[in-house]
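I have placed the structure first, in the form of structure tokens, so that the comments after it can refer back to it.
The values are calculated or read from the model by the stated rules, or taken from the named source; none is laboratory data. These numbers were taken from a predicted model, which means no experiment stands behind them. Note: ideal-geometry Cβ built from the backbone for every residue, glycine included; neighbour counts use all protein chains shown. SASA here: full protein model, heavy atoms, side chains in, ligands and nucleic acids out. Shrake-Rupley method; radii C 1.70, N 1.55, O 1.52, S 1.80 Å.
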Amino acid sequence: MKILVGLDGHETGARALDHAKRLAAAMEDAVLLVAYVIEWSPYSFQTAEENAERHKRRLEEVAAAQERIVDPAVAALAKAGFTASGLVHHGDVADTLHRLAEENGADLIVIGRASKGGFSQRLFGSSSVNLAMHATIPVTVVG
Amino acid sequence: MTRSTFIPALAAATTIPAMSLAQEAATIDARVNEAFATITGPFVALIFAPIPFTGFPWIVLWLVVAASIFTWYFRLIQVRAFFHAIALVRGDYSDPNDAGEVSHFQALATALSGTVGLGNIAGVAVAVGIGGPGATFWMILAGLLGMASKFTECTLAVKYRNEYPDGTVSGGPMYYMKKGFAERGRKGGGILAVLFSVFCILASFGAGNMFQANQAHAQISGLVGDYPGWITGIVFAAIVFAVIVGGIKSIARVTEKVVPFMGLLYVGAALVILAANYDQIGWAFGQIFAGAFTGLGVAGGLVGALIQGFRRAAFSNEAGVGSAAIAHSAVRTKEPTTEGVVSLLEPFVDTVVICTMTALVIIITRQLMIDPDTGRYIVQDGAIQTVGGTSGVTLTSAAFASVFSWFPVVLVLAVVLFAFSTMISWSYYGLKAFTYLFGEGKVQELTFKVIFCIFVVIGASASLGPVIDFSDAAIFSMAVVNIASLYVLMPIVRREVNSYFARLKTGEIRKFSGAPAE
């Protein structure tokens with residue numbers, strides 16, 4: 001069984017990872033995929049200078065996320081005896097996690113509940129809600 | 001037709017502050033202006049020289065002929081590829097694995113924020129005020145043709161941009177001139193590139209900076225009362241400095257978010273006015289078509305309407321100038337053609353949509369006075385008489401205010417924001433030209449940016465007749481050099497385009513899964 005875990009760099013993501021570990025420990029041959037999505041919209045507005053530097057910034061963002069969030073998580077999992085690998089991508093969090101899960105043939109997506117509240121979230125809904133609503137793969141939202 | 005009609009927006013909107021300033025600092029300003037005019041005069045006169053016996057500026061013909069040739073050469077690319085352009089902007093053909101890179105939408109939005117501005121608000125009013133409603137027809141035609149020029153230059157800009165090991169990119173006409181000419185085995189690309197860069201730097205100080213600062217100040221002082229221009233200049237320069245030198249991205253980001261909103265508000269208000277007067281739209285288009293071929297009594301008749309329409313369109317959408325090619329070159333794509341296709345939406349949005357809205361609102365709100373006996377426009381001193389004696393920005397403002405009394409305040413805000421975003425865009429165009437000439441590096445960049453900020457202050461505080469004339473001439477000289485190079489390089493573009501559309505047809509290039517089917 002392949003489980004994709006969505007990290008967010010916060011405690012909620014860490015709880016999702018803990019839950020996925022418990023599930024994986026109870027299974028045979030469980031594979032953990034740790035994903036971090038950098039929130040990005042292709043419809044945002046930027047200056048010409050930002051555009052010119054975008055490719056460079058993107059590489060830096062991916063490297064930073066890899067180094068600070070994904071790699072430590074994967075290393076910790078490997079140390080605990082799990083089969084694990086990491087992914088870092090840009091995009092809409094819900095869409096991208098879903099796409100990564102499909103592309104990598106995951107059987108389950110585990111995510112934390114909304115990592116931050118507030119007005120905008122009430123209005124537009126959180127990534128967790130969007131993912132749970134639209135995913136074609138079972139989703140576990142960890143409280 | 002005098003030269004000064006090229007910048008009538010300025011003439012109209014700055015008359016009052018310019019006069020009071022002229023009184024305050026008459027001696028120094030006048031002397032600087034005079035010296036400057038003497039030095040640059042011949043160059044300005046050359047660029048805007050009329051074709052003998054016609055009064056038709058050759059530079060306008062140069063732009064329109066080029067646009068027509070590209071339209072023919074690429075077999076109506078603006079029609080063929082129009083819906084494909086929209087699909088590209090929506091991201092239907094974008095690889096999800098490229099998320100986080102510059103999208104087609106972002107490159108288009110950035111380029112648009114550099115062109116949407118005073119040309120759409122003031123320039124159109126000038127065209128219609130002098131050339132009558134018929135100018136709108138020619139403006140739309142020039143906009144439609146200009147889409148092909150924009151397509152040509154932006155495809156080349158992506159194809160020949162420089163990609164550096166650190167992941168940044170530099171592109172624009174100077175790069176395709178140098179590399180493209182070399183590839184075709186032609187000489188002179190290097191010289192054209194240097195010429196283009198010089199004109200681009202001058203235009204970035206002038207039309208992209210001083211003109212904008214000057215207009216912003218004229219608008220603000222028109223709203224709150226007259227005050228010295230250097231105050232506006234210092235404030236603007238400080239904000240521009242914070243953005244381009246200090247790297248305060250948040251200011252730029254706020255502007256880049258507010259500018260499209262202002263654009264939508266502007267178009268929205270125009271649409272509401274048109275909807276409320278829907279029974280007049282037929283009549284307005286009747287005026288536009290009748291005026292396009294008969295002139296309806298405007299100064300210069302048909303030719304007058306045509307010149308005004310073509311001029312303002314060229315100035316508004318900058319097709320063929322090469323400026324947008326710099327902005328579009330940053331997009332992440334393996335196919336240069338895709339960005340060219342996307343860029344042809346730019347003159348469409350700028351000229352065909354926004355400029356036409358402005359013109360329709362002015363016509364429908366009956367700002368232009370018609371002689372009730374003859375049905376012809378009342379012309380005085382070479383311009384159509386307007387209800388409140390307005391012209392330029394104030395004509396547009398009066399037209400909108402006749403329906404929404406609060407609109408002039410919004411318009412001032414819009415002009416100021418458009419001016420600011422145009423400055424940010426042009427600071428980048430100028431910078432790229434500057435680093436092309438003097439090499440990439442922190443010192444060169446800082447030097448250019450500081451000079452740019454100084455020109456903001458000068459632009460807002462001085463009366464700049466000759467300087468603006470010169471900067472206009474510089475913008476159009478960019479087009480002289482750029483279009484000359486496009487003629488040489490257009491076979492390369494055709495090869496790219498044919499290959500791309502062939503692969504699109506066979507399905508080798510297709511939409512990514514998840515993209516909505518058409």
- B:Gly208 vs. criteria surrounded by 24 or more Cβ atoms within 10 Å (Cβ to Cβ), in contact with a helix residue (DSSP H, G or I) (Cβ under 7 Å, 6 or more places away or on another chain) and away from every other protein chain (no Cβ under 14 Å): no
- Item | Residues satisfying the stated conditions in the range B:311-349, i.e. more than 14 Å from B:Ala85 (Cα to Cα), in a helix (DSSP H, G or I) and hydrophobic (A, V, I, L, M, F, W, C) | B:Ala313, B:Ala314, B:Phe315, B:Ala324, B:Ala325, B:Ile326, B:Ala327
- Selection from the range B:124-162 of residues in contact (Cβ under 8 Å) with a residue 40 or more places away in the chain and among the polar types (S, T, N, Q) yields B:Thr136, B:Ser149, B:Thr152, B:Thr155
- Query: Taking into account only those residues within the range A:18-32 that are over 17 Å from the mean Cα position of the chain (by Cα) and outside any helix (DSSP H, G or I), which is nearest to the other protein chains (Cβ to nearest Cβ)?
  - Reply: A:Ala30
- Task: Spot the failing condition for B:Ser149; the list is (1) over 30 Å from B:Gly439 (Cα atoms); (2) within 17 Å of the chain's Cα centre (by Cα), and only one is missed.
- Result: (1)
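So, B:Trp62, is that one surrounded by fewer than 24 Cβ atoms within 10 Å (Cβ to Cβ), more than 14 Å from chain A (Cβ to nearest Cβ) and free of Cβ contacts under 8 Å to residues at least 60 places away in the same chain or not?
no
One line per residue, one yes/no per condition, for (1) more than 30 Å from B:Lys249 (Cα to Cα); (2) among the hydrophobic types (A, V, I, L, M, F, W, C); (3) not in a helix (DSSP H, G or I):
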residue	(1), (2), (3)
A:Val5	yes, yes, yes
A:Ala16	yes, yes, no
A:Ile38	no, yes, yes
A:Arg57	no, no, no
A:Ala64	no, yes, no
A:Arg68	no, no, no
- Considering only the range B:382-396, how many residues are in a helix (DSSP H, G or I) and open to solvent by less than 20 Å² (accessible area, probe 1.4 Å)? 3
- Note on the structure: Every listed condition ((1) more than 14 Å from every other protein chain (Cβ to nearest Cβ); (2) open to solvent by less than 40 Å² (accessible area, probe 1.4 Å)) holds for B:Leu223 save (2)
- Message: Just the residues that are within 14 Å of chain A (Cβ to nearest Cβ) and either open to solvent by 20 Å² or more (accessible area, probe 1.4 Å) or hydroxyl-bearing (Ser, Thr, Tyr) (or both), please, taken from the range B:66-97.
- Response: B:Ile86, B:Val89, B:Arg90, B:Gly91, B:Tyr93, B:Ser94, B:Asp95, B:Pro96, B:Asn97
- Message: Restricting to the range B:34-59, give me the number of residues that are open to solvent by less than 60 Å² (accessible area, probe 1.4 Å) and β-branched (Val, Ile, Thr).
- Response: 5
- Message: Looking at B:Ile121, B:Ile86, can you tell me which residue is within 19 Å of B:Met357 (Cβ to Cβ) and touching a residue at least 60 places away in the same chain (Cβ under 8 Å)?
- Response: B:Ile121
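Can you tell me which residue among B:Arg311, B:Arg366, B:Arg376 is of a type in the set (Lys, Arg), touching a helix residue (DSSP H, G or I) at 6+ places or on another chain (Cβ under 6 Å) and surrounded by fewer than 24 Cβ atoms within 10 Å (Cβ to Cβ)?
B:Arg376
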- Note on the structure: In the range B:393-417, residues that are over 20 Å from the mean Cα position of the chain (by Cα) and under 14 Å from B:Met262 (Cα atoms) total 4
- From the list B:Gly129, B:Gly123, B:Gly117, which one is under 23 Å from B:Val267 (Cβ atoms), modelled with pLDDT under 90, more than 14 Å from chain A (Cβ to nearest Cβ) and touching a Lys or Arg at 6+ places or on another chain (Cβ under 6 Å)? B:Gly123
- Within the range B:68-100, restricting attention to residues that are touching a His at 6+ places or on another chain (Cβ under 6 Å) and not in a helix (DSSP H, G or I), which residue is nearest to A:Glu103 (Cα to Cα)? B:Ala99
- Going through (1) away from chain B (no Cβ under 11 Å); (2) within 30 Å of B:Ser113 (Cα to Cα); (3) at pLDDT 90 or above one by one, A:Ala106 fails only at (2)
- Query: Do the conditions hold for B:Leu302, that is, is it crowded, with 24+ Cβ neighbours inside 10 Å and closer than 30 Å to B:Ala479 by Cβ?
  - Reply: no
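Might you let me know whether the range B:98-105 holds any residue that is more than 7 Å from chain A (Cβ to nearest Cβ) and on the phi > 0 side of the Ramachandran plot?
Checked the range B:98-105: no residue is more than 7 Å from chain A (Cβ to nearest Cβ) and on the phi > 0 side of the Ramachandran plot.
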- Item | Matching entry among A:Ala94, A:Ala35, A:Ala63, A:Ala52 (being surrounded by 19 or more Cβ atoms within 10 Å (Cβ to Cβ), farther than 27 Å from A:Val129 by Cβ and within 14 Å of another protein chain (Cβ to nearest Cβ)) | A:Ala52
- From the list A:Gly105, A:Gly9, which one is open to solvent by less than 60 Å² (accessible area, probe 1.4 Å) and in contact with a helix residue (DSSP H, G or I) (Cβ under 6 Å, 6 or more places away or on another chain)? A:Gly9
- Message: If the requirement is being aromatic (Phe, Trp, Tyr) and either modelled with pLDDT under 85 or touching a Gly at 6+ places or on another chain (Cβ under 7 Å) (or both), which of these qualifies: B:Phe289, B:Phe199, B:Phe261?
- Response: B:Phe261
- Across the range B:159-178, what is the total count of residues that are within 19 Å of B:Val331 (Cα to Cα), more than 14 Å from chain A (Cβ to nearest Cβ) and open to solvent by 20 Å² or more (accessible area, probe 1.4 Å)? 1
- Item | Qualifying positions in the range A:38-49 - within 7 Å of another protein chain (Cβ to nearest Cβ), open to solvent by 40 Å² or more (accessible area, probe 1.4 Å) and either of a type in the set (D, E, K, R) or within 13 Å of B:Ala327 (Cβ to Cβ) (or both) | A:Phe45, A:Glu49
- Query: Right, B:Val259: within 24 Å of the chain's Cα centre (by Cα) and either more than 14 Å from chain A (Cβ to nearest Cβ) or open to solvent by 70 Å² or more (accessible area, probe 1.4 Å) (or both) or not?
  - Reply: no
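Out of all the residues in the range B:299-310, is one or more of a type in the set (A, V, I, L, M, F, W, C), modelled with pLDDT of 90 or more and either part of a helix (DSSP H, G or I) or within 30 Å of B:Ala419 (Cβ to Cβ) (or both)?
no
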